[in-house]
Each structure stands twice: as structure tokens, then as C-alpha cells.
């Protein structure tokens, strides 16, 4: 495992669900790419045609306030950012590699894509296991309710939930 992969191991904690989409914020991505957030946003602005609304969007004031209160993101009144963050979907993150042309950007994007793939695989395996448990439960007429309840508890406690922004409709 190379240093980039080690550094990206915690990338899941930087993935939020906003507007019903899994996204990463410009500030978190800039840290991974080891460039200032301003530089990342500058390159995006120069290449806006590459970032349609399903690849990237600007957080609303309400979304930003929820981020600040829920996840201790700094606010402008405390010396933090002055503009709402950009939120990048998986496709937008992939597109960043075309506008950030460094070896570091390429390596980071590969690692992030692998993290998204791992998350999808875990979700699929949990869904398959849950449907199998339901099927078995129906087959055995609830004779093993204690076992099924224990299995369900294992499934739900084993998952690391994504940070979902409260108070927003999907």
C-alpha cells in the first residue's frame, strides 16, 4: 500500500450526503491534493463547462450553516471561508483530474475512486445479506426470530453511516 492509499484510508469520513448525493467538499479535496482551496476553485472556474450541476454544485446558505453547526466547519465570522463550498460528486471528482494536472492529483483521484467503489461494494453486500435474512425469516415462519434480530443488529451496527446533512430534503 503506497502513501497515497494510506492517506486516503479515511476518505469515507470526508464524504457527505447533500441533496441526496454523495459528495466531497472543495476544502477537503484541496487538502488531499496538497493545494490551496483557492487554487482548486480557480481551476474549476476556468473549466466550468466540465462541471455540470450533477458533477458539482455550490452549497446553499442553509446547507453551509448545517455543515458549520454539525461538523465544526469554520465560519466566516471565525476567520474561515468567505464563500460557500463547492460540493463535488464522484463524477466531478473524476473530472478534477483533467483540470488539476499533477501526478499527485492523479494518484489522489485514483485513491478516491477506489474509496467510492469500496463504499458501493459494502452497501451492496449489506443489502444482499439483509434480503437473504428476510427470505430465511419468511421461510422459517419466525421460529428463529432471536437469530434474525441478532443478525439485523450486526448489519446495522457494522456499517459506518455517511454524514448526512440534517434538515435538508433529498
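A few points about this structure:
- Hits in the stretch 24-60 - residues which are surrounded by fewer than 12 Cβ atoms within 10 Å (Cβ to Cβ) and within 20 Å of the chain's Cα centre (by Cα): 34, 53, 54
- Residues in the stretch 100-110 that are surrounded by fewer than 18 Cβ atoms within 10 Å (Cβ to Cβ) and over 16 Å from the mean Cα position of the chain (by Cα): 101, 102, 103, 104, 106.
Quick grid of which residues meet (1) more than 30 Å from residue 35 (Cα to Cα); (2) in contact with a helix residue (DSSP H, G or I) (Cβ under 7 Å, 6 or more places away or on another chain); (3) surrounded by fewer than 14 Cβ atoms within 10 Å (Cβ to Cβ); (4) modelled with pLDDT under 70:
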{"residue": "115", "(1), (2), (3), (4)": "no, yes, no, no"}
{"residue": "121", "(1), (2), (3), (4)": "yes, no, yes, no"}
{"residue": "130", "(1), (2), (3), (4)": "yes, yes, no, no"}
{"residue": "159", "(1), (2), (3), (4)": "yes, yes, yes, yes"}
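Residue-wise test of (1) exposed (fewer than 13 other Cβ atoms within 10 Å of the Cβ); (2) modelled with pLDDT of 90 or more; (3) over 22 Å from residue 33 (Cα atoms).
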position: 71; (1), (2), (3): yes, no, no
position: 76; (1), (2), (3): yes, no, yes
position: 81; (1), (2), (3): no, no, no
position: 85; (1), (2), (3): no, yes, no
position: 88; (1), (2), (3): no, yes, no
position: 92; (1), (2), (3): no, yes, no
position: 98; (1), (2), (3): yes, no, no
position: 112; (1), (2), (3): no, no, no
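The values are calculated or read from the model by the stated rules, or taken from the named source; none is laboratory data. Predicted model only: the values in this text are computed from it and were never measured. A quick note on method: Cβ atoms are made from the backbone with ideal geometry, for glycine too, and the neighbour counts reach across all protein chains shown.
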